[in-house]
Amino acid sequence: MMHVTLWPNGLIGRVTAVILIAIVLEFIGSILLHDQIDRYTLSEDHARRVAELLVVGERLLRDAPPEQTPTILRDLSTQHLSVEITPDPVVEPARPNSLLANMRGQIGRWEPSLRGKLLRLSTAPSTELAGRQDLVGSMALSDGRWLRFRSRDVWGHWPQLYRTIGAATILAGGVLLAAAMVVHTLGSPLRGLAEAADRVGHGSPVMVLERGPRDLRQVSRAFNAMQARISGLIADRTQALAAVGHDLRTPLTRMRLRTGFMVDPELREAMESDIGEMEAMLDSVLAYLAGDNDTEPQRRIDLTALISTLVDADADLGRDVSYEGPDHVLVQARPLALKRALSNLIENGLKYGERVRVQLIPDGEEVRIVVDDDGPGIPEDELAHVVTPFFRLDEARMRNTGGLGLGLAIVSNAVAREGGRLCLSNRPEGGLRAEVRLPVKAPCAGAA
Amino acid sequence: MASSDLMAQSLDRAPEILIVEDDPGVRVLLARTLRENGLNVTAAPAATEMWRALKTNQFDLILLDIMLPGTNGLDLCRQIRKDSAVPIIMVSARGEEIDRVLGLEIGADDYIAKPFSTKELLGRVRAVLRRTVSGPIGAAPPRETLQFEGWTVDLRRRTLQSAEGAEVELSGAEYDLLLSFLDNPQRIIGRDRLLELSRSRISDASDRSIDVLVSRLRRKLSGQEGGEALIRTVRGAGYMFTAAVDRA
């Protein structure tokens with residue numbers, strides 16, 4: 001079953017909806033009110049007209065000779081109200097009707113002398129206007145005859161109501177439009193704030209223009225201050241971590257040089273491998289921290305040459321890494337950051353598998369760099385998490401492969417800064433596929 | 001060690017090395033490592049001592065740390081370059097490629113990042129000594145760029161740019177090989193000679209590894225008209241770089 005939500009999502013939409021509902025309610029209410037007032041005043045007009053006719057008619061007919069009766073009746077009749085004499089009350093008894101009862105009350109109030117008279121009231125379809133109702137009635141005269149009258153179109157006030165509704169609708173529409181525009185203007189700083197909040201954490205701080213009503217200006221100011229505090233905090237931590245990272249390099253250098261004097265080759269090799277691991281960790285932390293503050297400019301580079309250099313270096317170390325693709329693919333990118341990212345992907349593949357195949361596939365406005373390995377892959381439910389900084393799969397920990405779990409986070413950040421994206425999937429034939437899609441032409445100079 | 005012979009072979013004396021390093025531990029270990037490999041070492045903890053040593057002594061190489069108390073190693077390098085062409089290897093704990101590029105741009109001969117291994121250190125020292133000793137001593141690199149068939153080699157930044165203006169990444173060995181070709185254009189170079197020229201970069205140096213290296217370089221230089229023919233194989237003799245090289 002389709003579930004349709006008419007309630008808008010945006011604040012401006014909602015405020016507009018509230019205004020719309022208010023206007024519609026007011027509109028309906030006022031129409032009902034007007035209708036009631038109109039009905040009352042119109043029916044009172046009728047009642048008075050009828051009451052006066054009955055009083056005057058009765059007096060005239062009582063005092064005049066019978067031969068003058070037709071003349072009197074003709075004189076009394078108007079376009080809206082006709083009278084005649086009938087021997088019987090020709091009024092069909094009407095169903096009890098609040099309108100008729102009301103009419104009877106109004107007649108009695110206006111002409112109290114009529115209260116004691118025998119008066120029958122009813123409605124009949126209009127003879128002249130289709131669909132309308134005439135008020136018909138008979139009153140007993142003192143000589144036993146009945147004075148019958150017909151007042152045309154007793155409830156007829158609809159044309160006026162329609163006119164009123166039309167005018168009111170146009171007015172309400174205008175008010176609604178004006179209100180929506182005002183709300184839209186009021187809401188624009190709020191939208192700016194929302195957009196800014198959405199971008200926070202994806203690069204440099206996003207300052208919001210302090211404008212709009214006072215409360216919104218306050219919110220904007222608080223938002224900017226909060227951002228300044230957060231980026232200050234992050235900058236402090238980053239600096240502290242980077243300083244530690246840099247400073248650790250000096251003792252590591254000493255250790256490295258000391259291993260040069262070690263006699264036992266086995267021990268020396270073990271030490272060197274430990275130092276290498278520590279160095280790799282430091283490098284990954286520093287690369288991760290450098291991330292957005294990287295000042296490296298984008299350059300036009302030959303992607304094939306960059307990948308070949310990485311692949312050849314691994315091949316020289318006796319690893320099974322191959323490249324497939326065109327001899328030259330030019331892109332706009334930061335070569336050092338991109339080289340580190342692609343190196344991370346290849347090293348990752350070699351860490352978990354034996355064989356890594358790198359493919360370069362130009363694809364319209366993009367170029368796809370596909371890095372396939374023959375390792376165990378990543379459990380499907382973990383795929384989304386592995387790019388999270390410091391995230392490590394349990395297996396990786398058990399295998400004691402080292403690293404801080406920053407490799408893929410660095411790749412993801414570096415690729416994002418080039419306007420590309422990283423996509424990880426498990427290959428049906430086994431192993432992990434890391435695919436980097438880069439735009440051939442950089443959309444702009446980037447965040448840096 | 002074989003390396004000490006190598007280093008001494010071009011000079012009639014042991015090379016004089018000046019180490020400028022503020023960390024006492026690293027300074028002592030560096031000095032000891034280099035001494036054990038047949039080099040004469042003077043160590044300076046800061047800029048003042050460095051200037052004093054430079055006044056009294058003639059050095060074949062300076063190992064200059066980038067982060068020194070008071071002065072930046074990059075500034076020191078610039079100052080030394082004003083009136084001396086003594087080979088300089090910058091040493092940095094920041095390990096950032098930007099430092100490397102900057103160091104090379106202001107006239108350092110090489111760059112080494114902490115933490116380096118003894119092997120890496122000796123390799124770099126040896127390579128720089130051989131380059132400057134075999135060339136005219138005390139001369140700064142005489143040119144900034146080399147050009148051939150639309151390609152440009154930036155000797156300061158050690159980069160290769162294609163005719164389309166794209167930077168083409170080369171490994172250290174590939175770059176050295178390319179320079180060997182560019183120094184001897186339109187001449188046949190034997191494998192043995194190439195091997196000798198590239199020895200500092202290739203760990204297992206053999207005829208086959210030179211062939212592999214040449215084929216990799218060829219591929220990176222391809223894609224342009226005549227690109228394949230830039231490095232021609234001369235059967236039984238070696239290789240020849242066919243294009244004319246413009247020294248700008």
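The values are calculated or read from the model by the stated rules, or taken from the named source; none is laboratory data. Predicted model, so just to flag it, every value in this text is computed and none were measured. Note that each Cβ is placed from the backbone with ideal geometry, even for glycine, and that neighbours are counted across all protein chains shown.
Within the bounds of region B:141-152, is there any residue that is within 14 Å of chain A (Cβ to nearest Cβ), within 22 Å of B:Ile106 (Cβ to Cβ), modelled with pLDDT of 85 or more and out of contact with any Pro (no Cβ under 7 Å at 6 or more places or on another chain)? Yes, that holds for at least one residue. Is it fair to say A:Thr304 is of a type in the set (Val, Ile, Thr), over 46 Å from the mean Cα position of the chain (by Cα) and in a helix (DSSP H, G or I)? So A:Thr304 does not fit the description; no. Which members of region B:144-153 meet the condition of being in contact (Cβ under 8 Å) with a residue 12 or more places away in the chain and crowded, with 16+ Cβ neighbours inside 10 Å? Matches in region B:144-153: B:Leu146, B:Gln147, B:Phe148, B:Glu149, B:Trp151, B:Val153.
Under the condition of being assigned to a helix (DSSP H, G or I), without any contact (Cβ under 8 Å) to a residue 24 or more places away in the chain and within 11 Å of chain B (Cβ to nearest Cβ), the residues counted in region A:249-265 number 9.
Apart from one condition, A:Ala290 fits all of (1) surrounded by 13 or more Cβ atoms within 10 Å (Cβ to Cβ); (2) over 18 Å from A:Ala337 (Cα atoms); (3) of a type in the set (A, V, I, L, M, F, W, C); the exception is (2).
Restricting A:Asp316, A:Asp302, A:Asp320, A:Asp327 to those that are acidic (Asp, Glu), within 11 Å of chain B (Cβ to nearest Cβ) and in contact with a strand residue (DSSP E or B) (Cβ under 7 Å, 6 or more places away or on another chain) reduces the list to A:Asp302. Out of A:Arg211, A:Arg191, one residue alone is among the charged types (D, E, K, R) and part of a helix (DSSP H, G or I). It is A:Arg191. When every residue of region A:264-272 is checked against the conditions, none turns out to be at pLDDT 90 or above, surrounded by 16 or more Cβ atoms within 10 Å (Cβ to Cβ), on the phi < 0 side of the Ramachandran plot and of a type in the set (Lys, Arg).
Kindly indicate whether A:Thr238 is within 12 Å of chain B (Cβ to nearest Cβ) and either assigned to a strand (DSSP E or B) or of a type in the set (Ser, Thr, Tyr) (or both). Judged against the criteria, A:Thr238 is not a match. Going through (1) part of a helix (DSSP H, G or I); (2) away from chain B (no Cβ under 12 Å) one by one, A:Arg268 falls short only on (2). Within region A:38-91, the residues that satisfy the criterion of being part of a helix (DSSP H, G or I) and among the β-branched types (Val, Ile, Thr) are A:Thr41, A:Val50, A:Val55, A:Val56, A:Thr69, A:Thr71, A:Ile72. Annotation note: of A:Leu99, A:Leu119, the sole residue that is among the hydrophobic types (A, V, I, L, M, F, W, C), surrounded by 18 or more Cβ atoms within 10 Å (Cβ to Cβ) and closer than 17 Å to A:Ser151 by Cα is A:Leu119.
Residues checked against (1) surrounded by 19 or more Cβ atoms within 10 Å (Cβ to Cβ); (2) assigned to a helix (DSSP H, G or I):
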{"position": "A:Gly318", "(1), (2)": "no, no"}
{"position": "A:Pro326", "(1), (2)": "no, no"}
{"position": "A:Val331", "(1), (2)": "yes, no"}
{"position": "A:Lys339", "(1), (2)": "yes, yes"}
{"position": "A:Asn344", "(1), (2)": "yes, yes"}
{"position": "A:Asn348", "(1), (2)": "yes, yes"}
{"position": "A:Val356", "(1), (2)": "yes, no"}
{"position": "A:Ile378", "(1), (2)": "yes, no"}
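Only helices (runs of 4 or more DSSP H) whose full extent lies in region B:45-137 are considered here, and the ones with at least 2 residues that are out of contact with any strand residue (DSSP E or B) (no Cβ under 7 Å at 6 or more places or on another chain), modelled with pLDDT of 80 or more and not hydroxyl-bearing (Ser, Thr, Tyr) are B:47-56, B:73-83, B:118-134. Residue pairs whose Cβ atoms lie under 7 Å apart, sitting 6 or more positions apart in sequence or on different chains, and linking a residue in region B:154-179 that is more than 8 Å from chain A (Cβ to nearest Cβ) to a partner that is polar (S, T, N, Q) and in a loop (DSSP other than H, G, I, E, B), are B:Ala163/B:Gln224; B:Ala173/B:Ser198; B:Asp176/B:Ser198; B:Leu177/B:Ser198.
On the given criteria, is B:Leu160 surrounded by 19 or more Cβ atoms within 10 Å (Cβ to Cβ), at pLDDT 80 or above and assigned to a strand (DSSP E or B)? Yes. In region A:186-209 there is no residue matching the filter, namely being at pLDDT below 85 and within 14 Å of chain B (Cβ to nearest Cβ).
Entry remark, region B:71-120: residues being within 14 Å of chain A (Cβ to nearest Cβ), crowded, with 21+ Cβ neighbours inside 10 Å and over 25 Å from A:Pro335 (Cβ atoms) number 1 in total. The set of residues in region A:1-18 being under 18 Å from A:Leu193 (Cα atoms) and either in a helix (DSSP H, G or I) or at pLDDT below 70 (or both) consists of A:Leu11, A:Ile12, A:Gly13, A:Arg14, A:Val15.
Restricting attention to region A:232-258, the residues that are farther than 17 Å from B:Ala113 by Cα and surrounded by 13 or more Cβ atoms within 10 Å (Cβ to Cβ) total 3. Scanning region A:271-281 for residues that are touching a residue at least 24 places away in the same chain (Cβ under 8 Å) and within 8 Å of chain B (Cβ to nearest Cβ) turns up just one, A:Glu279.
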